[in-house]
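Here's the structure we're looking at; comments come further down.
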Amino acid sequence: MNQVLTETIRVTGLFGYPVIHSFSPAMQNAAFRALGLNYIYVPFCVHADNLGAAVESVRALGICGVNITIPHKERVIPYLDWVSKDAALIGSVNTIHNYNGTLKGYSTDGPGFIRSLKSIWRSPSGCRAVVLGAGGAARAAVYALVKEGADVWVANRTFLRAVELARSINTATGADRVVPVDLLGDDAKNALLRADLLVNCTSVGMYPNVNEQPVPEEWLHPGLFVYDQVYNPLLTKLQKSAQQKGAETSGGLGMLVHQGAASFEIWTEQTPSLDIMYDAVLGAMGAGHSEL
């Protein structure tokens with residue numbers, strides 16, 4: 001079905017810097033077409049100096065909503081009229097909805113991760129998880145896992161950042177379920193050897209550094225499920241090492257699709273086809289895209 005541009009078309013898009021390699025336009029536009037919706041998704045390259053003006057343009061131009069990606073997920077919050085409780089807690093917004101002139105901010109990263117995890121593994125309730133990293137992606141994953149009832153070790157090379165993340169999530173949730181560990185020390189190794197789930201929220205192993213992995217292969221074991229949020233390449237070095245140790249694995253493509261679907265639902269109040277979104281991303285990757 002061809003997309004016809006009319007005067008009533010609803011505009012959505014992506015604010016980031018850079019955005020040229022994003023798969024979100026292919027994914028979202030395919031989902032719009034499949035449902036016959038008069039929407040279009042456009043990538044906008046927004047420099048940090050222009051972020052405030054870009055956000056205000058959402059209201060001024062009547063744009064339906066936008067996704068927010070690196071490096072703006074934290075910086076965008078002061079420009080919004082309202083932020084969801086979860087997004088405020090993790091200090092990160094990846095979705096803006098222009099609701100009758102009110103700019104509302106959400107984070108679909110955590111829900112997208114959990115939806116994807118449940119679809120390929122199981123509910124993380126009661127599991128022991130190690131999350132690698134202490135940035136925005138890690139904060140979203142840790143918070144989502146704790147909400148689901150998991151116990152989490154957060155491991156980072158800069159230990160103080162892991163301490164800060166653990167303290168903030170424990171304080172916000174009122175549950176002492178997050179323990180910081182130094183990724184460069186034995187505590188991280190010991191935690192991983194006891195864990196049911198490993199979630200990589202770093203960029204280690206992402207194209208073009210495809211021969212890197214965030215933890216040694218000897219730390220991996222058959223009882224582990226490895227979820228690498230990197231999705232380019234589809235099969236990372238970490239996943240290959242884990243599979244050689246008898247562990248089950250998944251890449252981050254599912255999270256990309258599920259968080260995108262959650263944004264789609266916020267903007268349109270309709271449920272997109274996940275299969276169509278998956279196929280669109282895979283098609284875009286095959287068409288020569290090589291990075292996020």
Hits among aspartates and glutamates - C-alpha to C-alpha of K237 under 18 Å, sequence gap 8 or more where chains match: E212, E217, E218, D228, E248, E291
For a quick protection proxy, order the peptides 64-75, 16-27, 104-115 by their average other-Cβ count within 10 Å, most packed first. 104-115, 64-75, 16-27
Excluding residues fewer than 8 positions from K147 in its own chain, the lysines with Cα under 27 Å of it are K73, K85, K104, K118, K189
Mind listing the long-range amide H neighbours of T95? Cut-off is under 5 Å, sequence gap 5 or more, other chains count too, H placed in the peptide plane at 1.01 Å from N. I68, Y106, T108
In sequence order, what are the phi-derived ³J(HN,Hα) couplings for region 158-168 according to the Karplus relation 6.51 cos²θ - 1.76 cosθ + 1.60 with θ = phi - 60°, rounded to whole Hz, with x for glycine and proline? 8, 4, 4, 5, 5, 4, 4, 4, 4, 4, 5
Quick check: the angle from helix 274-286's long axis to the longest principal axis of the chain, C-alpha only, nearest 10 degrees? 90
Only Cα pairs under 8 Å and at least 6 apart count here; give the relative contact order of the chain as a rounded whole percent. 17
Ordered by packing density, taken as the mean number of other Cβ atoms within 10 Å over each peptide's residues, highest first, how do 147-159, 91-103, 173-185 rank? 147-159, 91-103, 173-185
First check a/c for region 28-137, with a ≥ b ≥ c the square roots of the eigenvalues of its C-alpha gyration tensor; if it is under 1.5, answer rounded, and if not, answer prolate when a/b is larger than b/c or oblate otherwise. oblate
Output ³J(HN,Hα) for region 42-57: one whole-Hz value per residue in order, computed from phi by the Karplus curve 6.51 cos²θ - 1.76 cosθ + 1.60 with θ = phi - 60°, and x for Gly and Pro. 10, x, 10, 7, 10, 6, 4, 5, 9, 4, x, 5, 5, 5, 5, 5
Ranked by how many other beta carbons lie within 10 Å on average, peptides 272-283, 227-238 from highest: 227-238, 272-283
Can you give the calculated 222 nm mean residue ellipticity of the chain, where each DSSP H run of n ≥ 4 adds -39,500 (n - 2.57) and the sum is split over every residue, rounded to the nearest 500 deg cm²/dmol? -11500 deg cm²/dmol
Once the dipole of the chain is set up with Lys and Arg at +1 and Asp and Glu at -1 on Cβ about the Cα centre, which of T108, Y278, P18 lies farthest towards its positive end? T108
Would you pull out the residues with amide H under 5 Å of I63's amide H, same chain only if 5 or more places away, H placed 1.01 Å from N? none
Unit charges on C-beta of K, R, D, E only; dipole of the chain, Debye: 220
When the dipole is taken about the Cα centre of region 110-251, and only Lys, Arg (+1) and Asp, Glu (-1) are charged at their Cβ, what size is it in debye, to the nearest 20? 320
GNM flexibility winner over the chain from A30, A166, A88 (Cα, springs under 10 Å): A88
Specify whether the C-alpha gyration tensor of region 141-292 places it in the rounded, prolate or oblate class, a ≥ b ≥ c being the square roots of the eigenvalues: rounded for a/c under 1.5, otherwise prolate if a/b is larger than b/c and oblate if not. oblate
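State, as an integer percentage, the relative contact order of region 110-251 based on alpha-carbon contacts under 8 Å between residues 6 or more apart.
Numbers: 288 pairs, mean separation 29.1, N = 142.
Relative contact order of region 110-251: 20 percent.
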How big is the gap, in Å, between the Cα center of region 193-259 and the Cα center of region 134-154? 16
Pulled fully out, how much extra length does the chain show between D81 and L184, if you take 0.36 nm times their separation in residues and subtract their Cα-Cα distance? 33.0 nm
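Here, each number is a calculation from the coordinates, and none is a lab measurement. Quick caveat: nothing in here was measured; it's all calculated off a predicted structure. When we count neighbours, we look across all protein chains shown, and the Cβ atoms used for this are built from the backbone with ideal geometry, even at glycine.
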